[in-house]
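Beneath this line is the structure, given in structure tokens, with notes to follow.
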Amino acid sequence: MNKVILFNPFAAKNGYRIPNSILQVAASIQDNYEFVFVDGNREDDPWQKIKNHLDTGEFKFFGCTVMPGPQLKQAIPFTKRIREEYPNVVNIWGGYFASNQCNTALNSGFVDFVINGQGDYAFPQLLDKIVKGENNFEKINNLIFKKEEEIIKTRKEFIGDQNGLPDFPYDKLNRDYPLKGYLKKTFLGKKTAAYHASFGCPFTCSFCAVVPIYNARWKSKSAENIYKDIKYLIEEHGADAVEFHDNNFFVNEKMVVEFSKLVKKHNIKWWGEGRIDTINKYKDESLQIMRDAGCKMIFFGAESSNDDILEQMDKGGTQTVQQIKDFAARMKQFDIIPEYSFVLGIPLETEEKVWKQINDDIAFIKEIKTINPDTEIIIYLYSPVPTEGSELYETVKKAGFSFPEKLEDWLNTEWENFDLRRNPLTPWLKPYMVDRIQGFETVLNAHYPTASDYKLSGLQRKVMKLSSSIRYKTNIYRWPYELKVLQKFWLRYRRPETEGFAMEEV
Ligand code: B12
Ligand code: SF4
């Protein structure tokens, strides 16, 4: 038998989402292969579930999606165990970690194939070839595999026609894992769905993992097709809010406006990721239509307070420091919350420069908060993108940094923290700098608790603001233990940047 397991490893205890990665690849094989979903977020013992399936002897393929960080904790040991206990099963990985760390994955000896970027055509073609006993895998685009000792990367193909792809098998997912369990209460609504409408991104920010996969290409579904799925989630499953998980949902103003007009009557709230320089070009009228249609918050990579660094990150040219400030003010006018993310601790020529930049960024973030106090701030520590062979990787290697060579080394705690951008392991960032950034973040989060945590009461917000006031005003960020204790035990504060928005099942 040639059945397929599609596995989504555990990602977040505080609010997993509809597993769109495996849902979309399932769509590509649904007509020709029997498959089951296994979601590590929804199982107490996902290995047992996988094992039960494999013990039937009916399964030939194990497809696993892998992003960096916690997903590796199940992806690596489970795939290895399958190789040891079920050697005839073919292990296929997809997702950002798999594509960007393909050599390490394939050299492990237990990952047989890596889907390089979009899997919608590559996956069914690969299964067909294996089933037919053919081995001319070179003919399949977007595939990486090992032939004798050589790693072969086949031609890269961008699937532009998103409207031509098959419908998502929501009904099958609903049978394996009731969709109700994925629609959670967040600050957006009581039943928040996750949707992914486009692939790639037209920009080339130098630190971004999307760039090596999509090489500045972007294509979305039409507004009508996006609406069709969202309407289904609203009408059949009671969704009242949507998180758009696209890398860049807002590239096409016309599409966004059309979608807004279609969805307006449903009174939902929604959130997505965009670029400041792109949305700054939107007409006022478009921003108003979006807000009226429920667009509540947009995530932006503001990144830095320094125009030269923005330029160096390839953000520059179009995105400037002045624009970041003006745009925060403009969004206030439309009552759309800008969620600005900053990357602190980027490599510069001298230690003094790195330190100065960190302090400049902190001052800038405070300025943004003065311009528009509703602006949400997300702070990341700079981590080089784990992309083997990239120019940036070569540069950081020269600075003494390197990624693990063995797949299982990614399971070490320090690499997990690296993935979560909590501990960058980068030689130019000294411990006192990390302390400063993390101390500031703690004080800032106390002074301006995130709007996305709907569980915080008015009283809790007030107490946090008061207790962090002196530190915030006087720039004393060292050892903010009193705030950490409050956040941990009283507020059970969670980190939107690594776990997504606060969620609970309803
Ligand atoms: C949803 C999401 C999450 C959720 C996890 C949800 C879940 N899986 O349960 C949460 C919020 C928990 C999360 C967290 C993190 N995430 Co995340 N996440 C995403 C996001 C926004 C959407 C993923 C998705 O559903 N895509 C939709 C599907 C349809 O697209 P796709 O995954 O690319 O799938 C296609 C192909 O890749 C391929 N494919 C993928 N999997 C498979 C599997 C098989 C078998 C096959 C054949 C093909 C295949 O085929 C699919 C169809 O073409 C992406 C960005 C993005 N737009 O993709 C970031 C992203 C994957 N996350 C990223 C990161 C870094 C993280 C974190 C590690 C760190 C952080 N600070 O954000 C954390 C921590 C990880 C954790 N807790 O596990 C990065 C990865 C970058 C990198 N360096 O590789 C991304 C790309 C965001 C970014 N631009 O930086 N994340
Ligand atoms: S705009 Fe966002 S998704 Fe696009 S390349 Fe830059 S960081 Fe990546």
Worksheet entry | Lone unmet requirement of (1) among the hydrophobic types (A, V, I, L, M, F, W, C); (2) closer than 30 Å to Thr474 by Cβ; (3) at pLDDT 95 or above; (4) surrounded by fewer than 20 Cβ atoms within 10 Å (Cβ to Cβ) for Ile365 | (4)
Worksheet item: Within region 287-325, which residues are touching a residue at least 40 places away in the same chain (Cβ under 8 Å) and in a helix (DSSP H, G or I)?
Response: Leu287, Gln288, Met290, Arg291, Ile309, Gln312, Val321, Gln323, Ile324, Lys325
Worksheet item: When the residues of region 193-207 are filtered to those that are part of a loop (DSSP other than H, G, I, E, B) and closer than 19 Å to Ser21 by Cα, which remaining residue is nearest to ligand 2 (Cβ to nearest atom)?
Response: Cys201
Worksheet item: Is there a residue in region 282-298 that is buried (at least 16 other Cβ atoms within 10 Å of the Cβ), closer than 15 Å to Phe364 by Cβ and within 24 Å of the chain's Cα centre (by Cα)?
Response: no
Worksheet, complete the sentence: Selection from region 254-292 of residues within 16 Å of ligand 2 (Cβ to nearest atom), in contact with a helix residue (DSSP H, G or I) (Cβ under 7 Å, 6 or more places away or on another chain) and farther than 23 Å from Ala451 by Cβ yields Asp277
Worksheet item: Given the structure, is Gly181 under 21 Å from the mean Cα position of the chain (by Cα) and under 30 Å from Ile226 (Cβ atoms)?
Response: yes
Worksheet entry | In region 299-334, residue surrounded by the most Cβ atoms within 10 Å (Cβ to Cβ) [restricted to those that are small (Gly, Ala, Ser) and within 13 Å of ligand 2 (Cβ to nearest atom)] | Ala302
Discussion item. Consider region 202-229. How many of its residues are out of contact with any helix residue (DSSP H, G or I) (no Cβ under 6 Å at 6 or more places or on another chain) and of a type in the set (A, V, I, L, M)?
Written reply: 3
Discussion item. Looking at region 443-460 only, could you name the residues that are modelled with pLDDT of 90 or more and either among the basic types (Lys, Arg) or farther than 28 Å from Lys190 by Cα (or both)?
Written reply: Val443
Worksheet item: When Arg217 is evaluated against the numbered criteria (1) within 16 Å of ligand 1 (Cβ to nearest atom); (2) crowded, with 16+ Cβ neighbours inside 10 Å, which criterion, by number, is the only one it fails?
Response: (2)
Discussion item. Restricting to region 120-172, and then to whatever is under 15 Å from Phe35 (Cβ atoms) and touching a helix residue (DSSP H, G or I) at 6+ places or on another chain (Cβ under 6 Å), can you tell me which residue is surrounded by the most Cβ atoms within 10 Å (Cβ to Cβ)?
Written reply: Phe123
Worksheet item: Any residue in region 182-193 that is surrounded by 15 or more Cβ atoms within 10 Å (Cβ to Cβ), within 13 Å of ligand 1 (Cβ to nearest atom), over 30 Å from Leu456 (Cα atoms) and not small (Gly, Ala, Ser)?
Response: no
Response to the item:
Exactly one of Gly63, Gly69 is in contact with an Asp or Glu (Cβ under 6 Å, 6 or more places away or on another chain) and either surrounded by fewer than 18 Cβ atoms within 10 Å (Cβ to Cβ) or touching a residue at least 40 places away in the same chain (Cβ under 8 Å) (or both), and that residue is Gly69
Worksheet entry | Residue that is more than 8 Å from ligand 1 (Cβ to nearest atom), at pLDDT 95 or above and either of a type outside the set (A, V, I, L, M, F, W, C) or in a loop (DSSP other than H, G, I, E, B) (or both), where the choices are Lys60, Lys13 | Lys60
Worksheet item: Only one of (1) hydroxyl-bearing (Ser, Thr, Tyr); (2) closer than 19 Å to Glu376 by Cα; (3) surrounded by 12 or more Cβ atoms within 10 Å (Cβ to Cβ) fails for Ser467. Which number is that?
Response: (2)
Worksheet item: Conditions: (1) away from ligand 2 (no atom under 16 Å from the Cβ); (2) buried (at least 16 other Cβ atoms within 10 Å of the Cβ). Gly57 meets all but one. Number of the miss?
Response: (2)
Discussion item. Restricting to region 236-250, name every residue that is acidic (Asp, Glu), in a loop (DSSP other than H, G, I, E, B) and either at pLDDT below 95 or in contact with a Lys or Arg (Cβ under 8 Å, 6 or more places away or on another chain) (or both).
Written reply: Asp240
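The values are calculated or read from the model by the stated rules, or taken from the named source; none is laboratory data. Bear in mind that the values here come from a model prediction, so they are computed numbers and not experimental data. Using ideal geometry, Cβ is built from the backbone for each residue, glycine included, and neighbour counts are taken over all protein chains shown.
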